[in-house]
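Before any comments, here is the structure.
All of the numbers you see were taken from the coordinates with simple rules; none came from a lab. All values reported here derive from a predicted model rather than from experimental measurement. Every residue, glycine as well, gets a Cβ built from its backbone with ideal geometry; the counts of neighbours run over all protein chains shown.
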Amino acid sequence: MITLKNLHVRLSEFFLDNISLDISEGEFFVLMGPTGSGKTVLLEAIAGLIPVTRGQIFIQEKEVTGLPPEKRGIGIVYQDQALFPHLTVRKNIAYGLRYHRISGEIAVERIDRLVSLLNLSHLLDRLPGNLSGGEKQRVALARALAVRPEVLLLDEPLSALDPNFREEVRNALKSLHRNTGTTFMMVTHDFVDALSLGDRAAVINNGHIEQAGPVDDIFQKPMSAFVANFVGMKNLFKARFEGTKTSLGDLEIELGRKPDNGQGHIAIRPEDILITRDAFSSTVRNMFKGKVAGVFAQGFTYEVHIRAGETVFKSLITQKALSELAIQEGEAVSISFPARAIHNF
Ligand SMILES: Nc1ncnc2c1ncn2[C@@H]1O[C@H](COP(=O)(O)OP(=O)(O)OP(=O)(O)O)[C@@H](O)[C@H]1O
């Protein structure tokens, strides 16, 4: 549906480098990456708002690389809604239809369907100025979809919303995607958005794609240290593999499988590392004695650093677990993690 072949974009100092992607019809594709990595540039190159230096863009097997934005069959929604302030909600939604010469019954039917999908009927005669952030964003989605684009590009559509409205618009996106069959490509920083909405995703790093695949694979089977770190695997160590084992200093770690490569990295999510006061015997877990090196509050959870041998492990625990363990810096504890929580690449 969207095919990018060896796409290069140059913007003074910044390059998008050899981007190739295949996004299927009706897919919800998520684009992630650190700030400044090129997510918006890629979206705008697909939309035709930024020229490409090399490579090709296809939409529905038709090459659109040289076409102006309005001829590409693409809608785009940004984080800041940008509704027309002097037009009612109804007129905002209908805005693009006149340009596409769609009027009469067809126009009314289309608008009614979107209004009902997005639950906007009570807002139709209001002006954007007195709508909530979530309502404005739902109107922006209806406006973008009224012209029936083949592809809807979304640039962080939830990031400017306060948490109450995020859920509302996230649900609206889910229902729109399910009910319209439109292909969605969304930039987001938020892992909850990616995991709850995305079918597949790509992680972009400094203008190139580090990994693309099913969203669960990106989070569970990162293929590089960059992606592991990006998706929050805070325990990331260089490793040399010997059979099914690897060593971190004087700690011997059992992976439960034999890696294909002789050396690489291991990564463990902090939530997979269990802290206990005392060691217990377990045949299925790696268990090490260590000392608490620091306790850091992170909203409702705590990151606890434990030094075992020469290695500092990071574990994420709830406030309840922390108060039950009653641990403080310098105290002796044990940590453990199952072989299946260790990712190697
Ligand atoms: N018109 C432009 N001219 C020159 N450089 C630009 C232009 N637009 C963007 N850039 C640069 O391209 C790089 C990528 O920007 P982009 O907005 O795509 O990042 P992003 O991944 O979307 O980041 P964020 O998550 O912060 O929105 C940045 O270094 C930015 O400064």
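Each residue of segment 39-44 in order: what ³J(HN,Hα) in whole Hz does its phi give by Karplus 6.51 cos²θ - 1.76 cosθ + 1.60, θ = phi - 60°, with x for Gly and Pro?
5, 5, 4, 5, 4, 6
In Å, what Rg and Dmax follow from the Cα atoms of segment 223-301?
Cα only, segment 223-301: 14.1, 40 Å (Rg, Dmax).
Run the dipole for segment 232-344 about the Cα centre, Lys and Arg Cβ at +1, Asp and Glu Cβ at -1, nothing else charged, and hand back the magnitude in debye, nearest 20.
220
Which of T180, S121, S247 sits farthest toward the positive end of the charge dipole of segment 114-251, with +1 on the Cβ of Lys and Arg and -1 on the Cβ of Asp and Glu?
My answer, from the dipole projection, is T180.
Of F15, N261, I76, which is farthest along the charge dipole of the chain in the positive direction, counting Lys and Arg as +1 and Asp and Glu as -1 at C-beta?
Working it through, the farthest residue towards the positive pole turns out to be I76.
Can you give me the Cα centroid spacing of segment 3-43 and segment 296-320 in angstrom?
35
In whole Hz, what ³J(HN,Hα) sequence does segment 217-228 give by Karplus (6.51, -1.76, 1.60; θ = phi - 60°), x for Gly and Pro?
Rounded to whole hertz, the list is 5, 4, 7, 9, 10, x, 9, 8, 4, 4, 5, 4.
If we sort 32-38, 250-256 on the protection proxy, mean other Cβ atoms within 10 Å, highest first, what's the order?
32-38, 250-256
Could you quote the convex hull projected area for segment 276-345, Cα atoms only and averaged over all directions, in nm²?
Values: hull surface 21.5 nm².
Its Cα hull, projected and averaged over all orientations, spans 5.4 nm².
Just how far, in whole angstrom, is segment 178-251 from segment 75-116 if you go by their alpha carbon centroids?
37
Can you work out ³J(HN,Hα) from phi for every residue in segment 293-299, in order, using Karplus 6.51 cos²θ - 1.76 cosθ + 1.60 and θ = phi - 60°, giving whole Hz and x for Gly and Pro?
Listing the rounded values in order: 9, x, 10, 10, 6, 9, x Hz.
Cβ neighbours within 10 Å, averaged per peptide: list 97-107, 47-57 in order, most packed at the top.
Final packing ranking: 47-57, 97-107.
Quick query: amide H of L154 versus all other amide H atoms, modeled in the peptide plane; which residues come in under 5 Å with a sequence gap of 5 or more or a different chain?
V77, M185, M186, V187
Once you have the Kirkwood Rh of segment 1-68 from its Cα pairs, apply Stokes-Einstein at 4 °C and 1.567 mPa s and quote D in µm²/s.
106
So how long is each side of segment 83-210 along the principal axes, counting just the alpha-carbon atoms, biggest first, in Å?
47, 30, 24
Straight-line reach from K62: which lysines have Cα under 17 Å away, leaving out those fewer than 8 places along the same chain?
K5, K71
Give me the tail of P(r) for segment 34-81 as a percent: Cα-Cα pairs with distance above 17 Å.
On the way: 400 of 1128 pairs.
Above the 17 Å cut-off, segment 34-81 has 35 percent of its Cα pairs.
Straight-line reach from K245: which lysines have Cα under 25 Å away, leaving out those fewer than 8 places along the same chain?
Correct list for K245: K221, K234, K258, K289, K291, K314.
When only Cα pairs under 8 Å and 6 or more residues apart are kept, what is the percent relative contact order across the chain?
On the way: 683 pairs, mean separation 53.2, N = 345.
Dividing the mean separation by the residue count of the chain yields 15 percent.
Helix 89-99 against the longest principal axis of the chain: what's the angle in degrees, Cα atoms only, rounded to the nearest 10?
70
Over segment 92-189, calculate the relative contact order: mean separation of alpha carbon pairs under 8 Å at least 6 apart, over the residue count, as a percent.
Rounded, it is 33 percent for segment 92-189.
In units of 2.2 N^0.38 Å, what is the alpha-carbon radius of gyration of the chain?
Against the compact-globule rule of thumb, the ratio is 1.20.
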